[in-house]
Amino acid sequence: MYKIIAAIVAFLLALWAIVNLLGNFQALDRDGDGLTDHEENAIGTDPVDPDSDDDGINDKEEYEYWNNRRENEYRDELGPDGDIDHDGLINILDEDSDGDGIPDGKELENGTDPAKRDTDNDGSDDGEEDSEGTDPNDPDSDDDGIPDGMDDSPGGPQAPGDLTYGDSGDTSNPSRDGGHNDPTCFAIFDPYLSGRKRYQIYDAVKENYQAYISDPTYYPLPLSSIEYENKFVGTITLELENGKIRIPSVAPNANILSYRWADASQDITLEFFKDGADNYYVHPSYYWGKATLIFTTSADSSYFTLDIPDHLTLDDIPDSVKNTPQTIVALKPKKEYIND
């Protein structure tokens, strides 16, 4: 009987040792990254390499980062096992998860988004901005009113062929900064409008001479199939926010023909509106930082060129104009713009 009891005790001791050994094995963290070997084997990372993808982020920190992104933003592709750039490597094993040429660790250090090729939505990937010396967190690094991705000289004020309406340093032009001291958008149009976009129009004046919009109602402006003689492509970098966001336009009664996002992965639906003074607005389906909108609009030619009466000649020009240093070479059709 004693031998039987001794054998049972020995068996239980051996079983306990095995269980304890297995427990220690599961708790083993050979590379010291904070994830056990057992967890790393389940995740797919290397249990003997604290930074399995060599991106500058410890495996545990990276696992928690991507897991939090997935849970907070409700996008499976942002999880540790997601594949943002569709290169066949899951994010936690991909040195450059968004494929912009910058390792994830450096992006976090720089404040850029390792899940987005173009953090500031200016049309230039973060890696391109890094090589050009521009700011990947600023859509207009040189503050000339032109998004870096469309600027011939994104790191300086001017270059041959550069659109220079903002290069003068005039920060009072709301058509480029959208709000004087608090920029909400940067916009250019093609064909170029010489900085004379319509941004904020008032159509009435109070007794105290304060201008105001007589009818501030937001009227829906559905996409139109009617195309006038003058067609423009506008590129606008917006700070998406709740409510109606005012955008520049080219003329009163302009149609919106189509729109798209510079970042094709952005699934944001827009509604267009205008008020009684023909100020234009957009309302996004959701709000998430900056985004670059590209839209096509058209307007009647009468808003841009007016015929000069046949009876008007050089003799009708006032002497005060004739006597200026400028040389008048010919009468040309008058262009009428509505300034900001």
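The values are calculated or read from the model by the stated rules, or taken from the named source; none is laboratory data. Here the structure is a predicted model, which means the values were calculated and not measured. Every residue, glycine as well, gets a Cβ built from its backbone with ideal geometry; the counts of neighbours run over all protein chains shown.
Each row is one residue, and each column tells you yes or no for (1) β-branched (Val, Ile, Thr); (2) modelled with pLDDT of 85 or more.
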{"position": "Ile4", "(1), (2)": "yes, no"}
{"position": "Val9", "(1), (2)": "yes, no"}
{"position": "Asp31", "(1), (2)": "no, no"}
{"position": "Asp37", "(1), (2)": "no, yes"}
{"position": "Val48", "(1), (2)": "yes, yes"}
{"position": "Asp81", "(1), (2)": "no, yes"}
{"position": "Asp100", "(1), (2)": "no, yes"}
{"position": "Pro103", "(1), (2)": "no, yes"}
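Would a scan of the stretch 237-257 turn up a residue that is of a type in the set (Gly, Ala, Ser), in contact with a Leu (Cβ under 9 Å, 6 or more places away or on another chain), part of a loop (DSSP other than H, G, I, E, B) and in contact (Cβ under 8 Å) with a residue 60 or more places away in the chain? There is no residue in the stretch 237-257 that is of a type in the set (Gly, Ala, Ser), in contact with a Leu (Cβ under 9 Å, 6 or more places away or on another chain), part of a loop (DSSP other than H, G, I, E, B) and in contact (Cβ under 8 Å) with a residue 60 or more places away in the chain.
Could you tell me whether the stretch 179-187 includes any residue that is of a type outside the set (Ser, Thr, Tyr), modelled with pLDDT of 85 or more, over 30 Å from Tyr74 (Cβ atoms) and in contact with a helix residue (DSSP H, G or I) (Cβ under 9 Å, 6 or more places away or on another chain)? Scanning the stretch 179-187 turns up no residue that is of a type outside the set (Ser, Thr, Tyr), modelled with pLDDT of 85 or more, over 30 Å from Tyr74 (Cβ atoms) and in contact with a helix residue (DSSP H, G or I) (Cβ under 9 Å, 6 or more places away or on another chain). Going by what's in this entry, would Ser301 be described as at pLDDT 80 or above, among the polar types (S, T, N, Q) and touching a strand residue (DSSP E or B) at 6+ places or on another chain (Cβ under 9 Å)? Spelling it out, it is not the case that Ser301 is at pLDDT 80 or above, among the polar types (S, T, N, Q) and touching a strand residue (DSSP E or B) at 6+ places or on another chain (Cβ under 9 Å). Here Thr119 clears all of (1) among the β-branched types (Val, Ile, Thr); (2) over 30 Å from Pro154 (Cα atoms); (3) buried (at least 18 other Cβ atoms within 10 Å of the Cβ) except the condition numbered (2).
Quick grid of which residues meet (1) modelled with pLDDT of 85 or more; (2) within 30 Å of Asp148 (Cβ to Cβ); (3) polar (S, T, N, Q):
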site	(1), (2), (3)
Lys244	yes, yes, no
Asn253	yes, no, yes
Pro284	yes, yes, no
Tyr287	no, yes, no
Thr296	yes, yes, yes
Asp307	no, no, no
His311	no, no, no
Ile317	no, no, no
Thr324	no, no, yes
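You will find that of Ala264, Ala277, Ala291, the residue that is surrounded by fewer than 17 Cβ atoms within 10 Å (Cβ to Cβ) and hydrophobic (A, V, I, L, M, F, W, C) is Ala264 and no other.
Determine whether Gly56 is assigned to a loop (DSSP other than H, G, I, E, B) and touching a residue at least 40 places away in the same chain (Cβ under 8 Å). Yes: the conditions hold for Gly56.
Each residue in the stretch 98-121 was checked for being assigned to a loop (DSSP other than H, G, I, E, B) and within 20 Å of Ala291 (Cα to Cα), and 14 pass.
Among the residues making up the stretch 260-282, those that are within 23 Å of Arg75 (Cβ to Cβ) and in contact (Cβ under 8 Å) with a residue 12 or more places away in the chain are Arg260, Trp261, Ala262, Asp263, Gln266, Ile268, Thr269, Leu270. Per the conditions (1) at pLDDT 85 or above; (2) closer than 30 Å to Asp85 by Cβ; (3) part of a loop (DSSP other than H, G, I, E, B); (4) of a type in the set (Gly, Ala, Ser), the sole criterion not satisfied by Ser224 is (2).
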